[in-house]
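Notes follow the structure.
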Amino acid sequence: MIAGRLPLGLTLLAAVACGRGDRTEDQAVRQSGAAGHVVAFRVPSEADVLDTEMLRSLRRGRALMRDTRDSLPAHVGNRLACVSCHALDGTQRNAMPLIGVYARFPQYRARSGRVDLLEDRVNDCFERSMNGRALDRSSAEMRDMIAYMAFLSRGVPAGAQVDGQGVPPLPPLVGDTARGAQLFGQTCSQCHGAEGQGSMAGPPLWGQDSYNIGAGMARVRTAAGFIRSAMPLTNPGSLTPQQAFDVATYINSRPRPDFAMKALDWPRGDPPPDVAYPTDAARRRATSP
């Protein structure tokens, strides 16, 4: 169902550098002054990059996103890569593309409760989606990854929306784990394994080698939107919204790594309804007179 490494296709995971896993971020951008400015989806050409050092940097950044675990083993704690969520090197429309993401940061994010830089968002994915450790924000690896994202955002005005960014939203539905398990076995297991352990064709979807509970893809609505738009790889968009919610509910009911700092998320006490864990701020709000 969800493919492993890039050119092989799409994958499920949560939010590498700069996906749209936090729907409250999308809402904040839509409410900004630039939210009404929607530009066409366009993948830039390397032929437009005349600076040889910039070209080398963005190519290194793209390579890091393709082979994240092999290139940065001290920072990746599972068997995922950036392209596990950002299909076709982040250039697949409606599959969490990175086109335009550079133009949307800095950005207020409800999950952190602050204005984050793009580097913060990248490190969120290292710590959550890849269950690993943050990069030094001034490191060569971080600069190269940001350079690649900047290249993909050439021509996108600051704060503008891009047609085809993120994944198309779905109305919230109640998923059924029994139906989801059956559909997973029929449709997804050939790539992701009967026990979600992954294969050469697709990454692990649960267990110690998958994303942790703090990742955006651990939210059922986020996972369902991605599944509906991008999966199965051989026939994307063929599942109904209800089937997408059933599969997402089943996948996210399975065990996965914890995230030690999860209780600090959404510090203003406004977590989305599909967050799978309690937060300190939400508890305080619920018990306050």
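The values are calculated or read from the model by the stated rules, or taken from the named source; none is laboratory data. The model shown is predicted, which means the values in this text are computed figures rather than measured ones. Neighbour counts run over all protein chains shown; Cβ positions are idealised from the backbone, glycine included.
Count of the range 66-83 residues, restricted to those that are crowded, with 23+ Cβ neighbours inside 10 Å and over 16 Å from Asp136 (Cα atoms), is 5. Hey, does the range 199-212 have a residue that's modelled with pLDDT of 95 or more, among the polar types (S, T, N, Q) and over 21 Å from Arg109 (Cβ atoms)? Yes.
Any idea which residue in the range 123-148 is nearest to Asp48 (Cα to Cα), counting only those that are surrounded by 23 or more Cβ atoms within 10 Å (Cβ to Cβ) and under 16 Å from the mean Cα position of the chain (by Cα)? Lay out the reasoning, then the answer.
We begin by selecting, within the range 123-148, every residue surrounded by 23 or more Cβ atoms within 10 Å (Cβ to Cβ); these are 124-125, 128-131, 145, 148.
In the following step, the residues that additionally are under 16 Å from the mean Cα position of the chain (by Cα) were identified as 124-125, 128-131, 145.
On the way: Asp124: 31, Cys125: 29, Arg128: 34, Ser129: 32, Met130: 32, Asn131: 36, Met145: 18 Å.
Only one residue fits best here, namely Met145.
If you check Glu119, Glu53 for being of a type in the set (Asp, Glu), over 30 Å from Gly196 (Cβ atoms), assigned by TED's automatic domain parsing to the domain that holds Glu141 and in contact (Cβ under 8 Å) with a residue 12 or more places away in the chain, only one passes: Glu119. The requirement of being in the same structural domain as Arg42 (by TED's automatic domain parsing), of a type in the set (Val, Ile, Thr) and either closer than 25 Å to Val38 by Cβ or not in a loop (DSSP other than H, G, I, E, B) (or both) is not satisfied by Val76. The set of residues in the range 81-110 being closer than 15 Å to Met145 by Cβ, in contact with an Asp or Glu (Cβ under 9 Å, 6 or more places away or on another chain) and assigned to a loop (DSSP other than H, G, I, E, B) consists of Ala81, Leu98, Phe105.
For Gly175, the criteria (1) under 16 Å from the mean Cα position of the chain (by Cα); (2) modelled with pLDDT of 95 or more hold in every case but one, which is (1).
Rundown of residues vs (1) among the basic types (Lys, Arg); (2) over 17 Å from Ala81 (Cα atoms), yes/no style:
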| residue | (1), (2) |
| --- | --- |
| Asp116 | no, yes |
| Asn123 | no, no |
| Arg128 | yes, no |
| Asp136 | no, yes |
| Arg143 | yes, yes |
| Ser153 | no, yes |
| Pro157 | no, yes |
| Gln161 | no, yes |
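Within the bounds of the range 184-204, is there any residue that is surrounded by 22 or more Cβ atoms within 10 Å (Cβ to Cβ) and aliphatic (A, V, I, L, M)? Looking for residues that are surrounded by 22 or more Cβ atoms within 10 Å (Cβ to Cβ) and aliphatic (A, V, I, L, M), one finds none in the range 184-204, hence no.
Restricting attention to the range 239-268, the residues that are part of a loop (DSSP other than H, G, I, E, B) and without any contact (Cβ under 8 Å) to a residue 40 or more places away in the chain add up to 2. Screening Ala282 on (1) outside the structural domain of Ala194 (by TED's automatic domain parsing); (2) under 20 Å from the mean Cα position of the chain (by Cα); (3) of a type outside the set (Asp, Glu) shows it passes everything except condition (2).
Thr222 meets all of the listed conditions (1) crowded, with 18+ Cβ neighbours inside 10 Å; (2) free of Cβ contacts under 8 Å to residues at least 60 places away in the same chain; (3) not aromatic (Phe, Trp, Tyr) but one, namely (2).
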